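Worksheet for the structure shown next.
The values are calculated or read from the model by the stated rules, or taken from the named source; none is laboratory data. All of these numbers come straight from a predicted model, not from anything done at the bench. So basically every Cβ, Gly included, is an ideal-geometry build from the backbone, and we count neighbours across all protein chains shown. Accessible surface areas use protein heavy atoms only, side chains included; no ligands, DNA or RNA. Shrake-Rupley method; radii C 1.70, N 1.55, O 1.52, S 1.80 Å.
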Amino acid sequence: MTVVHTGGCRCGAVRFEASAEPHHVSYCHCGDCRRASGAPVSAFVGFLTEQVTFTGKALKMFENGPVTRSFCGICGSPIAYVDERLADQIYFMLGAMDMPAYFKPTHHAYVREQLPFLHMPDALPRHLKTSVPRPDGQGPDGTQS
Ligand SMILES: [Zn+2]
Ligand SMILES: [Zn+2]
């Protein structure tokens, strides 16, 4: 496998590699990501699951409805989420990547849950809900003008 991108947790017990460029890089302003990360806004780097391999034995999972988030069981760093409606995809926390500056977000998701004091004056598309359409029809329901 040709490694293109690598990442991992803060303590190094969880490491991963991706063999391709990401298909999606986005901010997420939703309350669930906020709870999971502790940060006012999260950002995610999406790959196809088949392009990704994990090493180490510390990866833990937390399942909440269709979304399962993974984190390091030793240092607690959030790592990624998978959504059972997007079965072939995995979205890593941008901050878990070894070269985070490489992954420039191209969308804002869930801006209807964005914190009122958070101002990000870029011209990126803003989605009221998800920026990645789900097969069950819960796709982007419009952009903020
Ligand atoms: Zn760790
Ligand atoms: Zn979110």
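Overview of values
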{"quantity": "Inter-probe distance in nm under a simple model that places probes 7 Å from Cα toward Cβ, at Cys75 and Tyr102", "calculated": "1.9 nm"}
{"quantity": "Accessible surface, per residue, of region 5-113 when the full set of protein chains is kept, probe 1.4 Å, Å²", "calculated": "50 Å²"}
{"quantity": "Stretchable slack from Thr49 to Asp32, in nm (0.36 nm times residue separation minus alpha-carbon distance)", "calculated": "3.9 nm"}
{"quantity": "Bins of 10 Å from zero: percent of alpha-carbon pairs in region 5-113", "calculated": "15, 52, 32, 2"}
{"quantity": "Sites matching trypsin sites (Lys or Arg not before Pro) across region 37-145 that sit in DSSP coil, with at most 13 neighbouring C-beta atoms within 10 Å", "calculated": "Lys57"}
{"quantity": "Helix-only CD estimate at 222 nm, as mean residue ellipticity for the chain, using -39500 (n - 2.57) per DSSP H run (n ≥ 4)", "calculated": "-1000 deg cm²/dmol"}
{"quantity": "Accessible surface of the chain [probe 1.4 Å, protein heavy atoms]: carbon and sulfur percent", "calculated": "55 percent"}
{"quantity": "Pairwise label distance in nanometres, Leu124 with Ser19, each label 7 Å out on the Cα-Cβ vector", "calculated": "2.8 nm"}
{"quantity": "In sequence order, calculated HN-Hα J values of region 95-102 (Karplus, 6.51, -1.76, 1.60; Hz; x Gly/Pro)", "calculated": "x, 7, 6, 5, 10, x, 5, 6"}
{"quantity": "Residue-count net charge about His24 - beta-carbon cut-off 14 Å; Lys, Arg +1, Asp, Glu -1", "calculated": "-1"}
{"quantity": "Exposure ranking of Cys11, Cys33 by accessible area [1.4 Å probe, largest first]", "calculated": "Cys11, Cys33"}
{"quantity": "Debye, to nearest 20: dipole size of the chain, +1 on Lys, Arg Cβ, -1 on Asp, Glu Cβ", "calculated": "400 debye"}
